[in-house]
Amino acid sequence: MPMNKDNDVKLEEYKVVYELEGSLDLVSKYFMANQTEDAKKMFSFVCEKNDLVSTVHRIEKWNRWSSQWEIQEDENN
């Protein structure tokens, strides 16, 4: 059955760069999401589920056309 193009979901790859409480190392976790806010919510869910206290340093989105990560601006600032 052909899929209607209006129903196609465009997922993008996001990288959350963060540090865990008590650690000096930065860690990256990757998510497929529709938008930056969804990636933030998924990261928060993973932290809550695993009882992790973290500080996010940045969120990046993969630009497949330029083959590089692009820092996403915080929409709350």
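Between the amide H of GLN72 and those of ILE59, GLU60, LYS61, distances stay under 5 Å, these residues lying 5 or more places away or on another chain, with hydrogens modeled in the peptide plane.
In the context of the full set of protein chains, the chain has a per residue accessible area of 80 Å² (1.4 Å probe).
Shown for the chain: the carbon plus sulfur share of the solvent-accessible area, taken with all protein chains present and a 1.4 angstrom probe, equals 48%.
Taking a straight Cα-Cα cut-off under 17 Å and skipping sequence neighbours fewer than 8 places away in the same chain, the lysines within cross-link reach of LYS49 are LYS29, LYS40, LYS41. Residues in the stretch 47-73, backbone N under 19 Å from the label point at TYR30 (7 Å along the Cα-to-beta-carbon vector): list them, ranges by number please. In the stretch 47-73, the label zone of TYR30 (backbone N under 19 Å from the point 7 Å along Cα→Cβ) covers 47, 57-72. Modelled label positions at THR55 and ASP38, each set 7 Å beyond Cα in the direction of Cβ, lie 3.0 nm from each other.
In the chain, the DSSP-assigned H stretches of four residues or longer account for a calculated mean residue ellipticity at 222 nm of -6000 deg cm²/dmol, using -39500 (n - 2.57) per stretch and the full residue count as denominator. Taking trypsin sites (Lys or Arg not before Pro) across the stretch 10-66, the ones in a DSSP loop with at most 11 further Cβ atoms lying within 10 angstrom of their Cβ are LYS10, ARG64. Between helix 36-49 and the chain there is an angle of about 50 degrees, using the helix long axis and the longest principal axis of the Cα atoms. So which GluC sites (Glu not before Pro) in the stretch 1-72 pass both tests, a DSSP loop state and at most 12 other Cβ atoms within 10 Å of the Cβ? Answer in residue order: GLU21. For ALA39, neighbours were defined as the other residues whose beta-carbon sits under 11 Å from its Cβ, and their charges (Lys and Arg +1, Asp and Glu -1) total 0.
The values are calculated or read from the model by the stated rules, or taken from the named source; none is laboratory data. Predicted model, so just to flag it, every value in this text is computed and none were measured. Virtual Cβ from ideal backbone geometry, glycine too; neighbours counted across all protein chains shown. Accessible surface is based on the protein model in full, side chains and every heavy atom, while ligands, DNA and RNA are left aside. Shrake-Rupley method; radii C 1.70, N 1.55, O 1.52, S 1.80 Å.
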